[in-house]
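Quick notes on the structure that follows.
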Amino acid sequence: MNVCEYRQIALGPGPGSGSSATSQAQPPASGKQQQQQQRRRRKWESFAGKNRFFCDGRLISGRQSGAFYLTLGLIVGTSGLFFGFDCPYLTENLTVAIPIIAGLLFVFVLSTLLHTSFTDPGILPRSTPDEAANLEKQIDNSGGSGYRPPPRTKEVLINGQTVKLKYCFSCKMFRPPRTSHCSLCDNCVERFDHHCPWVGNCVGKRNYRFFYMFLLSLSFLTAFIFACVITHLALRSQTVGLLNTLQETPAS
């Protein structure tokens, strides 16, 4: 088995090349430069999956996010037409509560959508090279000659019950129960439900509640806008007729 060793190479002049004179000639590094030199590489910078990170690793999303921007555009566009063409008439003839309710629903839908799209769905860290090598070494010492790949299943005892764990050859670890590997993001996600292209992220343990609230609030917003538009058309058609109403308010 080939063992990879990572060595840190110190940059600097070799022995006998006047290193003492050079070090005396160079000005001392400032505190900010020393912090940058001592800064360690963060985990998200060396992430092995296919996700994208924003805001110094605080936000995460899937690599394929084209459908997410389509979802965002449809929600913003439909709500914008409603606020621009239907809300003024309904506010004047019915109640001012209509745009307030619609505005609250719209903000809540956008909030849950962004939380679902940019929250870690529950990605499990991969095994380090040392951990993967140790696992393979244990399997090699279990008997037999030649290299054998890790077993696909492993039985463990949890709360007095035997649970079978599956091995992930990409992440090189045994997955916990209800954990699956997403082929699009190339990660093992805890309590993986599915990869939703409309939100541009996996749906798992850490963002499932946001995804559920997004679907629920979006259904309420869609039903509310539809009912208000029908009411708007019905009130206008009583005075000028349906055809004239459609010509006056084509956005509805």
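The values are calculated or read from the model by the stated rules, or taken from the named source; none is laboratory data. All of these numbers come straight from a predicted model, not from anything done at the bench. With ideal geometry, Cβ positions are generated from the backbone for all residues, glycine too; neighbour counts draw on all protein chains shown. Ligands, DNA and RNA are excluded from the accessible area calculation, which covers all protein heavy atoms including side chains. Shrake-Rupley method; radii C 1.70, N 1.55, O 1.52, S 1.80 Å.
When the residues of the stretch 49-69 are filtered to those that are part of a loop (DSSP other than H, G, I, E, B) and within 17 Å of residue 181 (Cα to Cα), the one that is modelled with the lowest pLDDT is 49. Of the residues making up the stretch 84-98, those that are of a type in the set (S, T, N, Q) and farther than 13 Å from residue 235 by Cα number 1. Scanning the stretch 104-124 for residues that are more than 15 Å from residue 215 (Cα to Cα) and in contact (Cβ under 8 Å) with a residue 12 or more places away in the chain gives 118, 119, 120, 121, 122, 123, 124. Which residues, counting only those in the stretch 102-123, are more than 17 Å from residue 66 (Cα to Cα), aliphatic (A, V, I, L, M) and crowded, with 19+ Cβ neighbours inside 10 Å? 102, 105, 109, 123 - these are the residues of the stretch 102-123 that are more than 17 Å from residue 66 (Cα to Cα), aliphatic (A, V, I, L, M) and crowded, with 19+ Cβ neighbours inside 10 Å.
Whether any residue in the stretch 77-84 is closer than 25 Å to residue 58 by Cβ and either open to solvent by less than 30 Å² (accessible area, probe 1.4 Å) or at pLDDT 90 or above (or both) is what I want to check. No: the stretch 77-84 contains no residue that is closer than 25 Å to residue 58 by Cβ and either open to solvent by less than 30 Å² (accessible area, probe 1.4 Å) or at pLDDT 90 or above (or both).
Residues considered: 184, 233, 246, 242. Of these, the only one that is aliphatic (A, V, I, L, M), modelled with pLDDT of 80 or more, surrounded by 12 or more Cβ atoms within 10 Å (Cβ to Cβ) and out of contact with any strand residue (DSSP E or B) (no Cβ under 9 Å at 6 or more places or on another chain) is 233. Within the option set 97, 132, 67, being touching a Pro at 6+ places or on another chain (Cβ under 8 Å) and small (Gly, Ala, Ser) holds for one residue only, 67.
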